[in-house]
Amino acid sequence: MIKPFRSLLLLLYVGLLLTVVLYFLPPSIDLPNGKSLQFFTVQSLFETTGKQYADISGLEKKFTPAVEKTSAGHKRNGTERAALTDTLESRFKIQYPEGNDTLLYTFFRHLQGIPESKELVRAVHYGDSQIEGDRITASLRNKFQNRFGGSGVGLVPLQDALGNRTSLQIKSDEAWKRIRAYGPDYRKKAPHNYGIMGSYFNFSFTYAHQVAGDSTAADSLARQPKFITKKRPHVWVEFAKAPGAYPRDSRFENIKLLYKNPEAPVALKLQSPDTTVTIQLPVTTEPTVFQQPIPGNFKKLKLVFEGTKSPEIYGAALDANAGVVIDNMPFRGSSGTEFVRMNKALLQSQFQALNVKFIILQYGVNVVPHVINDYSFYEKQFYAQLKLLREVAPEASILVVGVSDMSRKEGEVYTTYPNVEMIRDAQRKAAFKAGCAFWDLYAAMGGKDSMPSWVFAKPPLANKDFTHFTPKGAQLVSEMLFKSLMYEYEKFSNR
């Protein structure tokens with residue numbers, strides 16, 4: 001018979017041993033697949049959820065812009081002119097390689113010359129899911145257009161699979177197929193005819209149609225459904241005014257279609273509520289930009305394709321004739337290292353044809369979950385992308401936006417991933433080596449442990465995935481970036 005006293009001693013011994021193990025156990029262990037294994041620890045018993053995160057209390061006040069109404073009457077932030085006399089803390093300022101603080105002057109010269117040149121100056125905002133749905137870009141575009149003129153949303157895809165774009169509604173035929181240079185759909189053996197959007201679209205005018213089998217037949221095969229080939233009369237995509245868009249988003253003056261049509265002519269109908277225009281897209285083996293004026297105030301525009309063979313389509317641009325426009329180019333799941341997969345000659349011709357004078361690259365959140373001790377490999381890969389972009393767009397200024405803060409839960413509190421600053425530093429080194437400017441979004445947010453402050457703000461500035469910004473947070477980021485750029489522009493103007 002076991003005595004109660006011995007049982008109690010055994011329990012105390014096991015409890016003491018477990019306490020010692022838990023005391024020395026780390027809060028988490030990083031796994032090879034990029035995930036982490038979380039542990040309960042003794043320390044967590046004494047922790048409170050009141051951890052002091054980064055103080056961002058003055059951030060919104062410092063960067064609160066004027067209020068402007070959207071086309072649906074909703075209030076969204078507008079913009080105010082930033083003066084050189086404005087004080088801007090060093091953490092918000094754009095950084096340059098030593099002795100080379102004129103890297104953005106090419107872009108600035110074109111902005112300054114718009115009243116006389118009457119040109120459309122294009123900027124391209126590449127990024128990952130952080131900018132998806134025109135987040136950050138839409139607000140930034142609106143600020144630039146208010147300051148320098150212009151309208152329209154710029155280059156857009158022919159599909160919006162997520163349906164979360166705030167500036168334009170995109171509906172399209174199910175026949176469309178998008179071939180990407182990034183993400184899980186990337187195939188090495190596919191033709192690498194990726195254009196400026198990192199992808200291209202095509203479709204088939206035929207499809208497999210299922211018909212019922214003969215249910216009365218004795219043969220089991222005859223009772224099975226059959227597939228027959230049928231021809232689609234046309235394939236379409238429709239652009240419509242979005243209720244949450246800025247007023248300038250829907251005031252474009254022309255549409256540009258970027259395509260190559262190597263096999264057979266295609267008839268293109270442009271249908272609006274008021275008129276229909278039919279255009280023949282001739283056979284061409286060279287990338288082409290077709291442009292058509294769009295009269296009146298835009299509400300809806302449908303593109304209908306008719307023919308026997310699909311062209312390769314790289315995107316459609318809804319632009320003004322003059323001013324500035326910023327294209328939203330999200331590469332979902334990308335680390336920003338896929339540009340070298342693209343067709344260099346095609347990329348160069350489209351940058352030139354669209355008059356691209358400014359390129360923004362904003363990546364990093366897909367690198368963060370894979371925690372290692374050295375990111376020199378990422379620095380080399382990212383530098384290769386910047387080097388390529390410098391070669392294909394030699395007249396464009398390039399700005400790298402560093403990775404934003406990103407948190408994971410350790411015990412009962414959230415803390416910055418241990419590699420965020422290493423990734424930020426790798427991006428900055430690559431930018432400086434390639435002769436590009438750099439803006440430190442991580443520092444601008446508040447640095448270490450700033451993401452929880454954005455998540456717990458009232459109203460929230462970031463989502464509870466502790467990675468992505470809310471619409472309000474995205475507007476705040478765009479305001480910080482815009483003011484940083486205008487600070488540099490005023491220095492350029494007053495030099």
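The values are calculated or read from the model by the stated rules, or taken from the named source; none is laboratory data. The model shown is predicted, which means the values in this text are computed figures rather than measured ones. Quick reminder, even Gly has a Cβ in these numbers, built from the backbone with ideal geometry, and neighbours come from all protein chains shown.
Going by the conditions given, is Gly99 modelled with pLDDT of 55 or more and exposed (fewer than 11 other Cβ atoms within 10 Å of the Cβ)? Give the derivation first.
Numbers: modelled with pLDDT of 55 or more: yes; exposed (fewer than 11 other Cβ atoms within 10 Å of the Cβ): yes.
Spelling it out, Gly99 is indeed modelled with pLDDT of 55 or more and exposed (fewer than 11 other Cβ atoms within 10 Å of the Cβ).
Is it the case that some residue within the stretch 269-288 is basic (Lys, Arg) and either crowded, with 17+ Cβ neighbours inside 10 Å or not assigned by TED's automatic domain parsing to the domain that holds Trp176 (or both)? Outline the logic, then answer.
Step one: list which residues in the stretch 269-288 are basic (Lys, Arg), which gives 269.
Then keep just the ones that are either crowded, with 17+ Cβ neighbours inside 10 Å or not assigned by TED's automatic domain parsing to the domain that holds Trp176 (or both); that gives none.
No: the stretch 269-288 contains no residue that is basic (Lys, Arg) and either crowded, with 17+ Cβ neighbours inside 10 Å or not assigned by TED's automatic domain parsing to the domain that holds Trp176 (or both).
Restricting to the stretch 394-414, and then to whatever is aliphatic (A, V, I, L, M) and under 20 Å from the mean Cα position of the chain (by Cα), can you tell me which residue is nearest to Lys464 (Cα to Cα)?
Top of the filtered list is Met406.
Just checking, how many residues over the stretch 461-495 are free of Cβ contacts under 8 Å to residues at least 12 places away in the same chain and among the charged types (D, E, K, R)? Explain how you work it out, then say what you get.
Narrowing the stretch 461-495 to residues free of Cβ contacts under 8 Å to residues at least 12 places away in the same chain: 462-465, 470, 495.
Those left that are additionally among the charged types (D, E, K, R): 464-465, 495.
Number of matching residues: 3.
Looking at Glu306, Glu263 in this structure, which one is of a type in the set (Asp, Glu) and either at pLDDT 95 or above or surrounded by 15 or more Cβ atoms within 10 Å (Cβ to Cβ) (or both)?
Glu306
Being at negative phi, among the hydroxyl-bearing types (Ser, Thr, Tyr) and touching a residue at least 60 places away in the same chain (Cβ under 8 Å): is that true of Tyr414 here?
On the way: at negative phi: yes; among the hydroxyl-bearing types (Ser, Thr, Tyr): yes; touching a residue at least 60 places away in the same chain (Cβ under 8 Å): yes.
Taking the combined requirement at face value, the residue satisfies it.
What number of residues within the stretch 96-119 satisfy the criterion of being part of a loop (DSSP other than H, G, I, E, B) and either outside the structural domain of Leu399 (by TED's automatic domain parsing) or of a type in the set (Val, Ile, Thr) (or both)? Walk me through it before giving the result.
Within the stretch 96-119, the subset part of a loop (DSSP other than H, G, I, E, B) is 96-104, 113, 118-119.
Within this subset, residues satisfying the condition of being either outside the structural domain of Leu399 (by TED's automatic domain parsing) or of a type in the set (Val, Ile, Thr) (or both) are 102.
Number of matching residues: 1.
Given the criterion within 13 Å of Gly364 (Cβ to Cβ) and over 19 Å from the mean Cα position of the chain (by Cα), identify the matching residue among Ala430, Ala443, Ala457. Outline the logic, then answer.
Values: Ala443 fails: within 13 Å of Gly364 (Cβ to Cβ); Ala457 fails: within 13 Å of Gly364 (Cβ to Cβ).
Only one candidate qualifies: Ala430.
If you go through the stretch 313-345, how many residues are of a type in the set (A, V, I, L, M, F, W, C) and in a strand (DSSP E or B)? Break it down into steps so the answer makes sense when it comes.
Going through the stretch 313-345, the residues of a type in the set (A, V, I, L, M, F, W, C) turn out to be 313, 316-318, 320, 322, 324-326, 329, 331, 339-340, 342, 345.
Right, trim to in a strand (DSSP E or B) and you get 313, 316-318, 324-326, 329.
Qualifying residue count, the stretch 313-345: 8.
Which condition does Pro471 not pass, out of (1) of a type outside the set (Val, Ile, Thr); (2) under 20 Å from the mean Cα position of the chain (by Cα); (3) under 19 Å from Tyr442 (Cβ atoms), if it passes all the others?
Single failed check for Pro471: (3).
Every residue in the stretch 323-356 that is within 21 Å of Asp134 (Cα to Cα) and among the small types (Gly, Ala, Ser), please.
Matches in the stretch 323-356: Gly323, Gly333, Ser334, Ser335, Gly336.
Suppose we keep only residues that are among the hydrophobic types (A, V, I, L, M, F, W, C) and over 28 Å from Ser117 (Cβ atoms) within the stretch 349-387. Which one would you say is surrounded by the fewest Cβ atoms within 10 Å (Cβ to Cβ)? Quick ask: steps written out before the conclusion?
The first filter runs over the stretch 349-387 and keeps only residues among the hydrophobic types (A, V, I, L, M, F, W, C), leaving 351, 353-354, 356, 358-361, 365, 367-368, 371-372, 377, 382, 384, 386.
With the extra rule that they be over 28 Å from Ser117 (Cβ atoms), the set shrinks to 365, 367-368, 371-372, 377, 382, 384.
On the way: Val365: 24, Val367: 28, Val368: 23, Val371: 18, Ile372: 13, Phe377: 11, Phe382: 29, Ala384: 15.
Restricting to residues being among the hydrophobic types (A, V, I, L, M, F, W, C) and over 28 Å from Ser117 (Cβ atoms), the top hit is Phe377.
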